[in-house]
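K.L.:
To start, I am sharing the structure in question, which I have written as structure tokens.
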Amino acid sequence: MAVTETASGARSAHEGILRRQSARESAARTYARALPIVPVRARGLTIEGADGRRYLDCLSGAGTLALGHNHPVVLEAIRKVLDSGAPLHVLDLATPVKDAFTTELFRTLPPGLADRARVQFCGPAGTDAVEAAFTLVRAATGRDGMLAFAGAYHGMTSGAFAASGDAFDVRVARLPYPQDYRCPFGVGGAYGAELGARWTESVLDDPKSGVPLPAGMILEPVQGEGGVIPAPDEWMRRMRHVTESRSVPLIADEVQTGVGRTGAFWAVDHSGITPDVMVLSKAIGGSLPLAVVVYRDDLDVWQPGAHAGTFRGNQLAMAAGTATLAYVRENHLAERAATLGSRMLTQLRQLSREFPIVGDVRGRGLMIGVEMVEPEGGVEGAEGAGASEGHLGGAGGLDSSVGLGPAGDRASLAAGSTAARDLARGPRPAAPELAAAVQRECLRRGLIVELGGRHASVVRLLPPLTISDEQAAAVLDRLADAVEAVARSRTREDRPQQRRRPSGQGDRAERAG
């Protein structure tokens with residue numbers, strides 16, 4: 001009886017907090033709408049709600065929690081500062097804590113940047129760092145325009161939002177971002193990336209393109225909110241050459257992709273490029289608010305106070321960030337993310353073979369997306385096609401032997417690949433309602449996932465880099481169960497489909513929860 005009363009009381013407290021949140025908070029709240037949970041304790045991958053339920057958290061603060069919740073090295077770093085009597089707020093004054101953070105950050109930067117880098121501490125959100133980067137390159141070049149890519153997400157402040165994919169007042173020139181499944185040119189793979197690269201060159205070189213030489217180009221090495229779309233490595237190198245040869249600063253937005261998330265410490269490391277500017281936030285603060293811009297010293301033309309903010313000296317975040325950066329580096333968690341992420345992608349692609357509602361599975365490292373589509377909704381020939389597996393370009397890069405050829409070359413590019421079928425038929429329409437249903441079914445099974453993509457049709461996984469093999473198996477089991485439940489409901493079948501669990505572990509889900 002006492003246990004029942006305790007559980008009832010916990011549920012009542014849980015429901016009361018949610019009711020008060022709904023009554024008091026802004027209509028702009030987002031995650032709370034799809035995830036009606038009240039976290040009270042958390043460690044690593046696991047969250048415990050006020051109602052007593054436990055969840056596997058594959059949202060990770062939208063990628064902020066590289067080491068998961070309350071990692072011991074992060075807590076120890078924060079306690080050390082609190083116990084030392086050091087000031088917690090110092091504006092932009094120099095402190096030992098800041099010096100340690102900057103030293104560790106510079107140790108991780110791409111070759112060619114660390115030795116000549118400057119760092120600007122910004123307001124605590126990534127969007128302020130994007131604003132700072134724009135201000136910087138405009139001051140350095142004397143130019144005003146910016147280049148960005150379709151599907152991008154760079155933040156919600158005025159300038160950052162103008163460069164994002166859903167801007168309504170366009171002040172930034174848009175370029176096509178390479179992707180396989182919904183290629184804007186209808187071809188995908190290496191050929192689609194080549195077309196996009198040539199389009200970019202044409203926009204910059206054509207005096208009648210309507211786009212004057214810009215102050216900078218900003219890109220995400222993997223589009224996160226845009227649907228987990230990795231840029232091909234060769235395309236990244238091409239953009240570096242395009243910008244460098246025209247004296248256009250290249251800004252890499254690594255807010256979500258940084259600190260080992262994609263299987264390299266920074267996502268630009270996959271392609272070996274050195275951007276002129278890097279925008280960093282989320283994981284660099286070790287779960288606390290922190291954002292910086294790192295850039296080449298010759299761009300450092302700002303006057304004092306040209307970009308400032310009261311909360312740009314968060315000592316606790318810097319201490320937590322130093323501990324996180326060092327832990328990821330010393331324990332080779334980026335390499336771990338590459339290995340485990342590749343295995344998870346391979347296993348998840350089984351879902352696309354078994355369930356027609358799964359159109360594409362893609363990602364890089366522990367940044368994974370599963371796109372839900374209408375199983376019998378025809379095709380979107382106007383938006384092109386690619387492959388849910390065996391990508392022609394994919395994260396591995398654009399084949400340098402492939403040049404721009406006639407449209408008939410698509411067949412030869414796809415020859416011998418499972419992409420041929422999708423190239424011929426095109427992708428199926430996005431299904432945001434099915435993605436939302438999968439998210440709900442995941443939550444019922446104790447798994448927290450995020451949605452993203454152009455139509456909010458991509459189920460996203462952003463687990464901490466510390467996730468164990470057993471926990472990864474549990475995540476895959478619960479996601480596969482959720483997809484199967486939605487597929488069965490969609491097709492209204494009377495009996496369950498037979499399938500192999502992607503993880504092959506069955507009851508691991510309960511043990512890992």
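The values are calculated or read from the model by the stated rules, or taken from the named source; none is laboratory data. Being a predicted model, the structure only gives us computed values, none of them experimental. Note that each Cβ is placed from the backbone with ideal geometry, even for glycine, and that neighbours are counted across all protein chains shown. Ligands, DNA and RNA are excluded from the accessible area calculation, which covers all protein heavy atoms including side chains. Shrake-Rupley method; radii C 1.70, N 1.55, O 1.52, S 1.80 Å.
K.L.:
With at pLDDT below 90 and charged (D, E, K, R) as the only criterion, which of 20, 43, 79 stands out? It would help to see each step written out before you state the result.
P.N.:
Values: 43 fails: at pLDDT below 90; 79 fails: at pLDDT below 90.
It is 20.
K.L.:
Is there a residue in the stretch 269-276 that is under 30 Å from residue 428 (Cα atoms) and open to solvent by 10 Å² or more (accessible area, probe 1.4 Å)? So that I can check it myself, show each step before the final result.
P.N.:
If we filter the stretch 269-276 for residues that are under 30 Å from residue 428 (Cα atoms), which is where we start, we get none.
So far as the stretch 269-276 goes, no, none of its residues is under 30 Å from residue 428 (Cα atoms) and open to solvent by 10 Å² or more (accessible area, probe 1.4 Å).
K.L.:
What do you reckon, is residue 213 assigned to a loop (DSSP other than H, G, I, E, B) and not β-branched (Val, Ile, Thr)? Can you show your working first?
P.N.:
Details: assigned to a loop (DSSP other than H, G, I, E, B): yes; not β-branched (Val, Ile, Thr): yes.
So residue 213 fits the description; yes.
K.L.:
Out of 428, 454, report the one residue that is out of contact with any Asp or Glu (no Cβ under 8 Å at 6 or more places or on another chain), at pLDDT below 95 and either assigned to a loop (DSSP other than H, G, I, E, B) or among the aliphatic types (A, V, I, L, M) (or both). Spell out the reasoning first.
P.N.:
Details: 428 fails: out of contact with any Asp or Glu (no Cβ under 8 Å at 6 or more places or on another chain).
The conditions single out 454.
K.L.:
Of the residues in the stretch 177-205, how many are assigned to a loop (DSSP other than H, G, I, E, B), among the polar types (S, T, N, Q) and surrounded by fewer than 24 Cβ atoms within 10 Å (Cβ to Cβ)? Steps first, answer last, please.
P.N.:
Going through the stretch 177-205, the residues assigned to a loop (DSSP other than H, G, I, E, B) turn out to be 177-188.
Among the residues that remain, those that are also among the polar types (S, T, N, Q) are: 179.
From the residues that got through so far, the ones that are surrounded by fewer than 24 Cβ atoms within 10 Å (Cβ to Cβ) too are none.
Counting residues in the stretch 177-205 that are assigned to a loop (DSSP other than H, G, I, E, B), among the polar types (S, T, N, Q) and surrounded by fewer than 24 Cβ atoms within 10 Å (Cβ to Cβ) gives 0.
K.L.:
Does residue 45 satisfy being in contact with a Leu (Cβ under 9 Å, 6 or more places away or on another chain), on the phi < 0 side of the Ramachandran plot and surrounded by 20 or more Cβ atoms within 10 Å (Cβ to Cβ)?
P.N.:
Numbers: in contact with a Leu (Cβ under 9 Å, 6 or more places away or on another chain): yes; on the phi < 0 side of the Ramachandran plot: yes; surrounded by 20 or more Cβ atoms within 10 Å (Cβ to Cβ): yes.
Judged against the criteria, residue 45 is a match.
K.L.:
What's the number of the only condition in (1) within 27 Å of residue 86 (Cα to Cα); (2) in contact (Cβ under 8 Å) with a residue 24 or more places away in the chain; (3) open to solvent by 10 Å² or more (accessible area, probe 1.4 Å); (4) over 15 Å from the mean Cα position of the chain (by Cα) that residue 282 fails to meet?
P.N.:
(4)
K.L.:
Condition (residue is at pLDDT 95 or above, over 19 Å from the mean Cα position of the chain (by Cα) and of a type in the set (Lys, Arg)) applied to the stretch 341-351: is it met by at least one residue?
P.N.:
Yes, the conditions are met somewhere in the stretch 341-351.
K.L.:
May I ask you to list pairs of residues, at least six apart or on different chains, whose Cβ atoms are under 8 Å apart, with the first in the stretch 1-20 being more than 17 Å from residue 48 (Cα to Cα) and aliphatic (A, V, I, L, M) and the second being surrounded by 14 or more Cβ atoms within 10 Å (Cβ to Cβ) and at pLDDT 80 or above?
P.N.:
Short answer, once both residue conditions are applied: none.
K.L.:
Can you list residue pairs whose Cβ atoms sit under 6 Å apart, with the first residue in the stretch 337-364 being hydroxyl-bearing (Ser, Thr, Tyr) and the second being modelled with pLDDT of 95 or more and buried (at least 19 other Cβ atoms within 10 Å of the Cβ)? Count only pairs 6 or more apart in sequence or on different chains.
P.N.:
Listed pairs, sorted by first residue: 352/358; 352/361.
K.L.:
Is at least one residue of the stretch 296-316 under 22 Å from the mean Cα position of the chain (by Cα) and either touching a residue at least 60 places away in the same chain (Cβ under 8 Å) or open to solvent by less than 20 Å² (accessible area, probe 1.4 Å) (or both)?
P.N.:
To start, the set of residues in the stretch 296-316 that are under 22 Å from the mean Cα position of the chain (by Cα) comprises none.
No: zero hits.
K.L.:
Does at least one position in the stretch 245-264 carry a residue that is open to solvent by 10 Å² or more (accessible area, probe 1.4 Å) and at pLDDT below 95?
P.N.:
no
K.L.:
Condition first: open to solvent by less than 40 Å² (accessible area, probe 1.4 Å) and free of Cβ contacts under 8 Å to residues at least 24 places away in the same chain. Now tell me which residues in the stretch 434-492 satisfy that.
P.N.:
None - no residue of the stretch 434-492 is open to solvent by less than 40 Å² (accessible area, probe 1.4 Å) and free of Cβ contacts under 8 Å to residues at least 24 places away in the same chain, so the list stays empty.
K.L.:
Right, here's the next one. Looking at this structure, is residue 107 among the basic types (Lys, Arg) and either in contact with a Pro (Cβ under 7 Å, 6 or more places away or on another chain) or at pLDDT below 95 (or both)?
P.N.:
no
K.L.:
Could you identify the single residue in 40, 97, 90, 73 that is farther than 28 Å from residue 228 by Cα and open to solvent by less than 20 Å² (accessible area, probe 1.4 Å)?
P.N.:
Values: 40 fails: open to solvent by less than 20 Å² (accessible area, probe 1.4 Å); 97 fails: open to solvent by less than 20 Å² (accessible area, probe 1.4 Å); 73 fails: open to solvent by less than 20 Å² (accessible area, probe 1.4 Å).
Just a single option satisfies the conditions, and that option is 90.
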